[in-house]
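Q: The following block contains the structure, expressed as structure tokens.
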């Protein structure tokens, strides 16, 4: 177990941000994090930027140098990418850099500006997270890939259409309590059923949206700064699986999640039952049900029951996606993993307002790339 | 100073590789490196992939998971990007991971598949390494940016058109001795003068080409495997500057190179005069002249004389770009930084054939992103 201090956090509004550029979003989140930690820019040793596809979304690669120099920094600055897990992976690189002894203070920014592209081009850009030669080329998009996972889960375990919908209903309920969420409207199971079909059994309200947004977190050595309400990153797990679904042994579990979670639990020396709340990667409703199971929150096949019984609601035994998740808070793909960390820190500082999980001491964040080819799991602990 | 073992290397032919896909190039280099080190795949703890823009070049992001799973791995796999410095930066992330204690053996792959796009689209893709809003949008391309640097250097220091051309002549001479080089033809100063103008004063033969290729290196803890001719990575420097030229204090030096070199020299506890050979980032002829100066191989303003006097030829006092450099060996952008490392290891193992630098004990690799916004410098030492 390690104790990496989460010294400061920042986050922009998530949604359609026509008036702000990619770099403006990144800087807004970064400056908030610096202000929050009372750390000066020149104290930063390294910058890590999580971003999936700014080259295609905005014509801009090379975000490490771009954002560092906009912040007036000339330190080591690195962009990392693993599709929708880019943000979580950027946190992990900062964690490795801090453990290496080469850095005392790292700024991590997750950012994506997606709305500037027409929707059909955004969908093609996102498909670059799938296997281009074996999946995307043949026309399958992400709703289609996750629809196959949903179908198989329904077939094997009797998971119902209503259970899928309940994930979206819960996450919109949570999102309604989050000021930065893209969608703050509550929805019903009927609304999900009546929304446009996208890829059966998934309707529009089973799918996370296209979003602009940025989030930032300052990670430091344990004693780098004195913080009134310290929160620690205590473990990091990361694993991969084949990108293409046809190469996997099972369509009802994400092996990368299971492996990354195992690493993280072992490093933190905790069990799934020790987790008080979690932010999981609900890019589609089925993805959250898979996450319950693969993270060990319930038995394999019982994820549908887990949401149906209300276990993952704010008042349940293990609140999941208090931010509103990808579904309601929004999913600026490279920013999502860092947003999850920001929510974990807010919860552990008891600063989550109406969506506060009372008495939470341990939070887990779970960030997935593609249809499960990359998974990054982090564990966060209250330090006071 | 650290001692990270370079246990194995691999590299594909550089050039137009119509018959091989992005993943095939990456795997080919990786398997060579594993074979070279006599390391089994399951011994790899982490994979780092350097790639600039496969999302735009081939429609495929998410290369960490893609290449790991093609290799049958489910370990941590991360793509890093810093434009043309992506390969060097991937090596640096492996170096940090090894120092962190979380990995004993890291595979680093640099890969780019550029030739599948029409040249005009490839040029636009490369322009994503410049500042999109302040440079690329207005139509400037990389030859144009470097032409401005060349003009200013000629104005301030009297650097001549012929001195620029001599860099290309030398690198083609070196490339003629390298079996994997894209161009193995020798050229003359006249050839450079007579080649098509691209952006005055730079002609076609002042510019590195568009290339497909991959390179791989296995980096391990010092005693991870027993190697007959060990070579060590002993220092890593990394710094950034503004992407846009108009924000820089000087157009005749790359601040990022100076900062990264200073870090690397201090960590290795050596001086520039201790370097026996170097692979530097000669994306354009002027870039190599800037590198001589910014790396401390000669005084500021004397880079033109340095090449004119033959100091950087194979028989000179400090041979530079024995591989042929980006100019003649080719420049698959994400692979270049790893190719430089492969060349350094070959030299330090005394396996560089006709282009061997006799008695070399210390080599330096210098990888630049954009027009100098990112620089990564590594120092390599013969360990026997």
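Q: Just to be sure, is residue A:33 surrounded by 23 or more Cβ atoms within 10 Å (Cβ to Cβ), within 7 Å of chain B (Cβ to nearest Cβ) and in a helix (DSSP H, G or I)? Let's see the steps before the verdict.
A: Values: surrounded by 23 or more Cβ atoms within 10 Å (Cβ to Cβ): yes; within 7 Å of chain B (Cβ to nearest Cβ): no; in a helix (DSSP H, G or I): yes.
Considered against the rule, which asks whether it is surrounded by 23 or more Cβ atoms within 10 Å (Cβ to Cβ), within 7 Å of chain B (Cβ to nearest Cβ) and in a helix (DSSP H, G or I), residue A:33 comes out as no.
Q: Looking at (1) closer than 26 Å to residue B:129 by Cβ; (2) surrounded by fewer than 23 Cβ atoms within 10 Å (Cβ to Cβ); (3) in contact with a helix residue (DSSP H, G or I) (Cβ under 7 Å, 6 or more places away or on another chain), which is the only condition residue B:60 fails?
A: Every listed condition holds for residue B:60 apart from (2).
Q: Under 7 Å between Cβ atoms, which residue pairs at least 6 apart in sequence (or on different chains) link something in the stretch B:358-384 that is without any contact (Cβ under 8 Å) to a residue 40 or more places away in the chain with a partner that is crowded, with 24+ Cβ neighbours inside 10 Å?
A: Cβ pairs passing all conditions: none.
Q: Of all residues in the stretch A:11-23, how many are outside any loop (DSSP other than H, G, I, E, B) and touching a helix residue (DSSP H, G or I) at 6+ places or on another chain (Cβ under 9 Å)? Full working, then the answer.
A: First pass over the stretch A:11-23, keeping only residues outside any loop (DSSP other than H, G, I, E, B): A:11, A:15, A:22-23.
Add one more test, that the residue is touching a helix residue (DSSP H, G or I) at 6+ places or on another chain (Cβ under 9 Å), and what stays is A:11, A:22-23.
Here the count works out to 3.
Q: Please go through (1) touching a residue at least 24 places away in the same chain (Cβ under 8 Å); (2) closer than 21 Å to residue A:81 by Cα; (3) crowded, with 16+ Cβ neighbours inside 10 Å for residue A:154 and return the number of the only condition it doesn't satisfy.
A: That leaves (2) as the condition not met.
Q: Follow-up question, since we're still on this one. Could you list, in sequence order, all residues of the stretch A:59-106 that are at the interface with chain B (Cβ under 7 Å from one of its Cβ atoms), assigned to a strand (DSSP E or B) and in contact (Cβ under 8 Å) with a residue 60 or more places away in the chain?
A: Answer for the stretch A:59-106, where residues must be at the interface with chain B (Cβ under 7 Å from one of its Cβ atoms), assigned to a strand (DSSP E or B) and in contact (Cβ under 8 Å) with a residue 60 or more places away in the chain: A:81, A:82.
Q: Still on this structure, please answer the following. Taking the criterion of being in contact (Cβ under 8 Å) with a residue 24 or more places away in the chain, away from chain A (no Cβ under 14 Å) and out of contact with any helix residue (DSSP H, G or I) (no Cβ under 7 Å at 6 or more places or on another chain), would at least one residue in the stretch B:123-142 satisfy it?
A: Looking for residues that are in contact (Cβ under 8 Å) with a residue 24 or more places away in the chain, away from chain A (no Cβ under 14 Å) and out of contact with any helix residue (DSSP H, G or I) (no Cβ under 7 Å at 6 or more places or on another chain), one finds none in the stretch B:123-142, hence no.
Q: Let me ask something additional. Checking residue B:287 against (1) part of a helix (DSSP H, G or I); (2) within 13 Å of another protein chain (Cβ to nearest Cβ), which single condition isn't satisfied?
A: Failing condition for residue B:287: (2).
Q: Does residue A:50 fit the bill of being in contact (Cβ under 8 Å) with a residue 40 or more places away in the chain, in contact with a strand residue (DSSP E or B) (Cβ under 9 Å, 6 or more places away or on another chain), surrounded by 24 or more Cβ atoms within 10 Å (Cβ to Cβ) and within 12 Å of chain B (Cβ to nearest Cβ)? Working first, answer last.
A: Details: in contact (Cβ under 8 Å) with a residue 40 or more places away in the chain: yes; in contact with a strand residue (DSSP E or B) (Cβ under 9 Å, 6 or more places away or on another chain): yes; surrounded by 24 or more Cβ atoms within 10 Å (Cβ to Cβ): yes; within 12 Å of chain B (Cβ to nearest Cβ): yes.
Here the answer is yes, as residue A:50 does meet what is asked.
Q: Within the stretch A:203-219, identify whether any single residue is assigned to a loop (DSSP other than H, G, I, E, B), more than 17 Å from the chain's Cα centre (by Cα) and either within 24 Å of residue A:55 (Cα to Cα) or at pLDDT 95 or above (or both), and answer yes or no. I'd like the intermediate steps shown before the answer.
A: Here is the first cut: in the stretch A:203-219, the residues assigned to a loop (DSSP other than H, G, I, E, B) are A:208-211.
From the residues that got through so far, the ones that are more than 17 Å from the chain's Cα centre (by Cα) too are none.
The answer is no; no qualifying residue exists.
Q: Conditions first: (1) touching a residue at least 12 places away in the same chain (Cβ under 8 Å); (2) surrounded by fewer than 24 Cβ atoms within 10 Å (Cβ to Cβ); (3) over 20 Å from residue A:56 (Cα atoms); (4) touching a helix residue (DSSP H, G or I) at 6+ places or on another chain (Cβ under 7 Å). Residue B:45 passes all but one, so which condition is the exception?
A: (4)
Q: So, one more: For the subset of the stretch A:181-198 comprising residues that are within 22 Å of residue A:117 (Cα to Cα) and surrounded by 20 or more Cβ atoms within 10 Å (Cβ to Cβ), which member is farthest from the chain's Cα centre (by Cα)?
A: A:183
Q: In this structure, does residue B:110 turn out to be crowded, with 24+ Cβ neighbours inside 10 Å and in the same structural domain as residue B:11 (by TED's automatic domain parsing)?
A: Working: crowded, with 24+ Cβ neighbours inside 10 Å: yes; in the same structural domain as residue B:11 (by TED's automatic domain parsing): yes.
Yes.
Q: Shifting gears a bit: Go through (1) within 14 Å of residue B:368 (Cα to Cα); (2) in a helix (DSSP H, G or I) for residue B:265 and report which single condition fails.
A: Evaluating residue B:265 over (1) within 14 Å of residue B:368 (Cα to Cα); (2) in a helix (DSSP H, G or I) leaves (1) as the failure.
Q: Right, another one. If I filter the stretch A:246-261 down to residues being assigned to a helix (DSSP H, G or I) and either more than 9 Å from every other protein chain (Cβ to nearest Cβ) or surrounded by fewer than 20 Cβ atoms within 10 Å (Cβ to Cβ) (or both), which single residue comes out as nearest to the chain's Cα centre (by Cα)? Spell out how you get there, then give the answer.
A: Initial filter on the stretch A:246-261 (assigned to a helix (DSSP H, G or I)): A:246-247, A:255-261.
Now narrow it down to the ones that are either more than 9 Å from every other protein chain (Cβ to nearest Cβ) or surrounded by fewer than 20 Cβ atoms within 10 Å (Cβ to Cβ) (or both): A:246-247, A:255, A:257-258, A:261.
Numbers: A:246: 25, A:247: 25, A:255: 18, A:257: 13, A:258: 16, A:261: 14 Å.
Across the stretch A:246-261, the extreme among qualifying residues is A:257.
Q: Next question, about the same structure. Among the residues of the stretch B:293-301, are any crowded, with 20+ Cβ neighbours inside 10 Å and part of a helix (DSSP H, G or I)?
A: Scanning the stretch B:293-301, I find at least one residue that is crowded, with 20+ Cβ neighbours inside 10 Å and part of a helix (DSSP H, G or I), so the answer is yes.
Q: So which residues in the stretch A:317-346 are surrounded by fewer than 24 Cβ atoms within 10 Å (Cβ to Cβ), in a loop (DSSP other than H, G, I, E, B) and in contact (Cβ under 8 Å) with a residue 40 or more places away in the chain, if there are any at all?
A: A:318
Q: Just one of the numbered conditions (1) farther than 24 Å from residue A:300 by Cβ; (2) without any contact (Cβ under 8 Å) to a residue 60 or more places away in the chain; (3) in contact with a helix residue (DSSP H, G or I) (Cβ under 9 Å, 6 or more places away or on another chain) is not true of residue A:120; which one?
A: (3)
Q: Moving on to the next point. Look at the stretch B:113-122 and say how many of its residues are within 12 Å of another protein chain (Cβ to nearest Cβ) and crowded, with 24+ Cβ neighbours inside 10 Å.
A: The number of residues fulfilling the criteria is 1.
Q: Within the stretch A:268-282, is there a residue that is touching a residue at least 40 places away in the same chain (Cβ under 8 Å) and assigned to a helix (DSSP H, G or I)? It would help to see each step written out before you state the result.
A: Of the stretch A:268-282, the ones touching a residue at least 40 places away in the same chain (Cβ under 8 Å) are A:268-270, A:274-282.
Checking which are assigned to a helix (DSSP H, G or I) leaves us with A:268, A:274.
Within the stretch A:268-282, one or more residues are touching a residue at least 40 places away in the same chain (Cβ under 8 Å) and assigned to a helix (DSSP H, G or I).
The values are calculated or read from the model by the stated rules, or taken from the named source; none is laboratory data. As the structure is a prediction and not an experimental result, all values here were calculated from the model. Note that each Cβ is placed from the backbone with ideal geometry, even for glycine, and that neighbours are counted across all protein chains shown.
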